[in-house]
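Peer 1: Starting off with a structure, shown below.
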Amino acid sequence: MAVFLCAVAVLFLGACGTQVAGQGDGGSAPPTATEPIPWTTMQPSAVTGVRLSGDRRTLLLDTQVPSGAHACVAKLKAVLTDPMTDLVRVQVTFTSPSGDRASGCTKESMATAKVTLPEPLGDRDVIVDNYTHFTADGAKPPSLRLCGELGCTPPATGCTAASYDQALMAVGAPEHTYRDSERCDGKWLELDFSWRTGPACGDSTDPACSSRLGDRWFFRAKKSGWEPITRTSAGGCRDVRREEPAFPSSLCESLAPLSPSLHPSYPPPSASPAPGVRSTATATP
């Protein structure tokens, strides 16, 4: 009898041991609650336009903000960050869950922020978020004009240092580039420039400290500035005349090739052996 009761007890306990929590009544376990996606304060990816309202005091700022299937932007606002002087400094902010892609806010759309100034804008320029510059000078009211990398009054295209700086920007020259030589007639430009690549060595005489690379570009004058034609390390006119036959030979015929140290060439890597082909290299024991 005792043996029978022990067997029953073992069967009962074994059955209890196989029961899953929450499933005693045949139902499913409740789902795990997910954390809500936080909304954080951020700035627009770009401010593309600024307009003045009829009172000449209210600025309307066209901003690029996150968008998606659900709400992606709240508390969009523009505020003055400093008292008005000869400039008006404005900051645009909003809150959004777009920092987490799970929010679905993976696209962008335009939205308008508004700020009312304590007095009319007058002839002041507007700086938005410290780096985007707008001016009424040369603009078609009520819009302000967006200034470019060269400021609100870019230098006239010509044979001037400021104009050469624009040419360097047009070809994406590295930071701290300096001009080696230029040949210019006002309509066409050839520009040699180089930039340091060695360590910052102060007054050291180590040759590595003076190592540098260089480049040569040809340009044509356009209303917007110097427009790149082509680049080369070769001397003479052959390469530029191939791209632009009208480029004057007087600006290129006496050009010497760039030094190999300024414009090195790198041969393509040797092809890897095909599968199953034995290398002739000798392994080091």
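The values are calculated or read from the model by the stated rules, or taken from the named source; none is laboratory data. Predicted model, so just to flag it, every value in this text is computed and none were measured. FYI the Cβ positions are ideal-geometry reconstructions off the backbone, even for glycines, and counts take in every protein chain you see. Note: accessible area is taken over every heavy atom of the protein model, side chains too, but ligands, DNA and RNA are not part of it. Shrake-Rupley method; radii C 1.70, N 1.55, O 1.52, S 1.80 Å.
Peer 1: Please report, as a whole percent, how much of the solvent-accessible surface of the range 111-188 comes from carbon and sulfur atoms (probe radius 1.4 Å). Don't skip to the answer; put the middle values down first.
Peer 2: Working: 2260 of 4520 Å².
Of all accessible area on the range 111-188, carbon and sulfur atoms account for 50 percent.
Peer 1: May I ask you to compute the full-extension gain from GLU227 to LYS187, defined as 0.36 nm times their residue separation minus their alpha-carbon distance, rounded to one decimal in nm? The partial results should precede the final answer.
Peer 2: Values: separation 40, 0.36 × 40 = 14.40 nm, distance 1.05 nm.
Extending this stretch completely gives an extra 13.4 nm.
Peer 1: Percent of Cα-Cα pairs per 10 Å bin, from 0 to the last occupied bin, for the range 22-152, please list those.
Peer 2: 12, 36, 24, 14, 6, 4, 4, 1
Peer 1: For the range 79-171, compute the orientation-averaged projected area of the C-alpha convex hull (one quarter of its surface), in nm². Spell out each step's value before the answer.
Peer 2: Working: hull surface 36.5 nm².
With the hull built on Cα positions only, its mean projection is 9.1 nm².
Peer 1: Students often get this wrong: which residues of the range 159-201 have the backbone nitrogen under 18 Å from the point 7 angstrom along Cα-to-C-beta of LEU213?
Peer 2: Flagged as within label range: 168-180, 192-200.
Peer 1: In nm, to one decimal, how far is the modelled label at THR197 from the one at ALA162, with both set 7 Å along Cα→Cβ?
Peer 2: Each label point lies 7 Å from its Cα, and together they span 3.4 nm.
Peer 1: Lysines within cross-link reach of LYS223: Cα-Cα under 20 Å, excluding same-chain residues under 8 positions apart?
Peer 2: Candidates past the 8-residue exclusion: LYS140, LYS187.
Peer 1: Right, something else. I'd like the trypsin sites (Lys or Arg not before Pro) in the range 49-147 restricted to DSSP loop residues with at most 15 other Cβ atoms within 10 Å, sorted by number. Write out the running numbers ahead of the final one.
Peer 2: On the way: sites: ARG51, ARG56, ARG57, LYS75, LYS77, ARG89, ARG101, LYS107, LYS114, ARG124, ARG145; in loops: ARG56, ARG57, ARG124.
Qualifying residues, ordered by number: ARG56, ARG57.
Peer 1: With labels modelled as points extended 7 Å from the Cα through the Cβ direction, what inter-label distance (nm, one decimal) is found for MET110 paired with GLU35?
Peer 2: Between MET110 and GLU35, the simple spin-label model gives 3.7 nm.
Peer 1: Please list MET110, MET169 from largest to smallest accessible area, probe radius 1.4 Å, with all protein chains kept in place. Mind showing how you got there, number by number?
Peer 2: Numbers: MET110 110, MET169 85 Å².
Largest accessible area first, the residues go MET110, MET169.
Peer 1: What FRET efficiency comes out for the pair LYS140/LYS75, r = Cβ-Cβ distance, R0 = 25 Å, nearest 0.05?
Peer 2: Values: r = 32 Å, r/R0 = 1.27.
Here the calculated transfer efficiency is 0.20.
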